Amino acid sequence: MPLIRHSGSRGTRRRARAAAPLAAALLVAGGLSIWSLAPEQAHAAEGKAAPADDFNGDGYADLVSGAPGGTVSGKAGAGYLAVTYGSADGLDPAERTLVSRSTGGVPGSAVAKQHFGQSFSKGDLDGDGYSDLVVGSAAGSPGGVVLWGSPSGLSGGTALAGFGQAPQIGDFDGDGQADLALFGDAEVEGDDPVTQQANLWKGPLTRAGKPAQVLDFLDKSQWWGYGDEGPGCDTDDSCVDGPHSLGGPVEAKAVGDVDGDRRDDIAVWEYEGDGVWGNHVLLGGATGFKNSGTLGEIGSVGDDGATAVGDVDGDGYGDVVIGAGEATGKVTVVHGSAEGPSAERVQSFDQSLPGFYGAEEEGDRTGSCVAVADVTGDGRAEVALGISGEDFSGLTDAGSAALLHGSPSGVTGEGSQVFHQNSPGVPGVAEKGDKFGAACALLDVNGDGHRDLAVSSTAENASAGALWSLRGTAEGVTTTGATAFGPGDLGAPVTKALLGSHLR
Ligand SMILES: [Ca+2]
Ligand SMILES: [Ca+2]
Ligand SMILES: [Ca+2]
Ligand SMILES: [Ca+2]
């Protein structure tokens with residue numbers, strides 16, 4: 001589903017930074033953040049899930065699965081999402097909430113090809129102790145929607161007019177309250193980056209959709225304009241990247257703390273002009289985001305891999321893990337540091353990594369999905385990778401998924417595991433073109449302290465899509481007790497639903 005529409009050309013851009021006397025303020029702000037979890041701790045939860053993963057406050061993580069191809073109210077591709085609630089026995093397709101634009105309380109109405117649910121992000125936006133979900137749609141949609149957590153799960157809906165492009169939740173200013181980063185539609189005009197509307201809403205958010213404050217999206221030092229003669233963005237209209245925009249377009253991918261300042265950061269895929277895209281990190285701060293340089297050597301056209309952030313080496317800095325795109329064929333790990341993503345510590349690997357299962361072949365798509373979180377409990381994150389183009393038993397693109405461990409030196413192949421639909425204990429039968437491993441997530445759905453692997457195949461059953469849940473253990477993931485379900489099991493629209501296009 002294309003994020004970007006292309007339109008006509010435009011003149012060359014001249015870059016001029018606004019004066020930015022904010023360095024002193026930034027220095028003072030560093031290290032003042034407070035890590036408050038008090039609202040979540042108010043619940044006597046049974047399980048041990050991360051609060052942001054838990055919509056109904058029972059301590060079991062809840063899995064959100066997008067079905068952006070789903071037909072709703074007769075509109076093909078209107079899209080829906082399914083929330084399945086965790087329990088001591090894991091996920092049960094009977095315990096679910098289905099949400100679309102036709103659901104009571106959700107603003108808007110079903111529109112063909114709107115692809116509601118193609119992106120989403122979670123966190124407690126109103127500070128009531130129940131995690132909430134912000135949902136995005138395709139370009140040209142009326143915008144995003146916030147669904148609210150409660151003891152009975154997600155319900156209601158609040159419109160975010162104009163901001164439907166992969167909205168993200170995180171504590172970007174570090175005050176302990178979740179904030180909302182919002183992105184509007186963007187276009188590429190010729191070779192030049194253009195403004196993309198972006199808003200940084202400071203939490204808490206009211207149920208009417210009013211933030212506590214609207215912050216500048218980018219730190220003022222990062223603003224720039226087309227004119228290079230004028231006094232700058234704050235005093236004339238030459239500014240392109242003002243308080244509520246950024247140089248775009250960008251596609252927000254994942255949230256985590258890359259520079260260890262306890263302010264969340266956003267990994268983005270960003271258009272840099274002249275037909276070149278690159279991976280960057282928007283580093284959170286008290287006065288808006290600062291944009292990192294291009295990550296690693298993966299800033300090239302078409303190399304737009306699945307991305308997640310987590311602390312693979314356990315040094316306190318989140319590491320950015322980017323799955324193979326068209327250009328590299330390799331997974332890239334850009335390690336975090338106090339300065340942000342490190343230019344020195346970049347790991348690049350494929351299935352030839354010692355200990356990693358299988359052989360690297362062209363078209364494997366190692367890292368077709370990426371999820372990064374600590375499964376085993378040793379303080380270093382595991383990395384789940386889809387290998388959706390993996391062939392085995394003569395089945396082209398049947399697909400598989402892998403779990404690799406973190407180590408002090410980065411991702412290791414030692415002790416890695418690989419699963420597919422023909423693995424003992426995994427429900428289903430592998431077929432040509434299933435592309436198992438389209439999306440993945442690591443969430444503790446059975447509340448035992450070990451995150452469990454959720455993985456999807458969107459091509460399963462004529463693109464209805466399906467989900468698998470494999471339990472996490474102190475050693476990794478086990479196929480014992482593995483479960484699977486599709487849209488029909490959820491009582492949801494089946495035809496070309498693409499269930500599992502996005503998992504969180
Ligand atoms: Ca729950
Ligand atoms: Ca909430
Ligand atoms: Ca940070
Ligand atoms: Ca678990």
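FYI, it's all coordinate maths here, none of it is from the lab. No experiment lies behind these values; they were computed from the predicted model shown. So basically every Cβ, Gly included, is an ideal-geometry build from the backbone, and we count neighbours across all protein chains shown.
Short-range pairs are left out: with C-alpha atoms under 8 Å and at least six residues apart, the relative contact order of the chain is 13 percent.
Ordered by the count of other Cβ atoms within 10 Å of each Cβ, fewest first, ARG451, ARG101, ARG96 give ARG96, ARG101, ARG451.
Using a simple spin-label model with pseudo-atoms 7 Å out from Cα toward Cβ, GLU339 and GLU414 lie 3.0 nm apart.
Sorted on the mean count of surrounding Cβ atoms within 10 Å across their residues, most packed first, peptides 380-387, 83-90 read 380-387, 83-90. Restricting the count to DSSP beta bridges whose residues both fall in the chain, what percent are antiparallel, rounded to a multiple of 5? Taking every DSSP beta bridge with both residues in the chain, the antiparallel ones total about 95 percent.
Give the shape of the chain as rounded, prolate or oblate, defined through the alpha-carbon gyration tensor: a ≥ b ≥ c are the square roots of its eigenvalues, a/c under 1.5 means rounded, and otherwise the shape is prolate if a/b is larger than b/c and oblate if not.
Judged from the Cα gyration tensor, the chain comes out rounded (a/c under 1.5).
Under 5 Å from the amide H of SER119 lie the amide H atoms of GLY136, each residue being 5 or more positions distant or on a separate chain, with H modelled from the backbone and absent for Pro and chain starts. Candidates VAL333, ALA306, LEU215 compared by Cα position along the dipole of the chain: farthest toward the positive end lies LEU215, with charges placed on Cβ. Pairs exceeding a 20 Å alpha-carbon distance, out of LYS122/LYS330; LYS290/LYS330; LYS75/LYS496; LYS48/LYS435; LYS113/LYS210: LYS122/LYS330; LYS290/LYS330; LYS48/LYS435; LYS113/LYS210.
Give the shape of segment 358-504 as rounded, prolate or oblate, defined through the alpha-carbon gyration tensor: a ≥ b ≥ c are the square roots of its eigenvalues, a/c under 1.5 means rounded, and otherwise the shape is prolate if a/b is larger than b/c and oblate if not.
Numbers: a/c = 1.92, a/b = 1.29, b/c = 1.49.
Taking the square roots of the gyration eigenvalues as a ≥ b ≥ c, segment 358-504 is oblate.
The residues packed around LEU147, meaning those with a beta-carbon under 13 Å from its beta-carbon, carry a net charge of 0 if Lys and Arg are +1 and Asp and Glu are -1. Highest mean packing first, where packing is the average number of other Cβ atoms within 10 Å per residue, the peptides 312-319, 156-163 line up as 312-319, 156-163. Taking the Cβ of GLU382 as the centre, find all other residues whose Cβ is under 10 Å away and add up their charges (Lys, Arg: +1; Asp, Glu: -1). Computed value for this residue: 0. Annotation: the residues ASP54, ASP259, sorted from fewest to most other C-beta atoms within 10 Å of their own C-beta, follow the order ASP259, ASP54.
Each residue in TYR80, TYR130, TYR357 was given a count of other beta-carbon atoms within 10 angstrom of its own, and listing them fewest first yields TYR357, TYR130, TYR80. Residue by residue, segment 370-383 carries 3J(HN,Hα) couplings of 9, 9, 10, 6, 7, 8, 7, x, 9, x, 10, 6, 7, 10 Hz when phi is fed to the Karplus relation 6.51 cos²θ - 1.76 cosθ + 1.60 (θ = phi - 60°); x denotes Gly or Pro.
Let me check I've understood the local charge: for THR103, count other residues with C-beta under 15 angstrom from its C-beta, Lys and Arg +1, Asp and Glu -1. What total comes out?
It works out to a net charge of +3.
Rounded to the nearest 500, the 222 nm mean residue ellipticity of the chain from helices alone is -500 deg cm²/dmol, with -39,500 (n - 2.57) taken per DSSP H run of at least 4 residues. Amide hydrogen proximity for ASP444: with H placed 1.01 Å from N in the peptide plane, the residues at 5 or more positions away or on another chain lying under 5 Å are ALA50, ALA61, ASP452.
Taking a ≥ b ≥ c as the square roots of the eigenvalues of the Cα gyration tensor, segment 36-186 is classed as oblate, since a/c reaches at least 1.5 and a/b does not exceed b/c.
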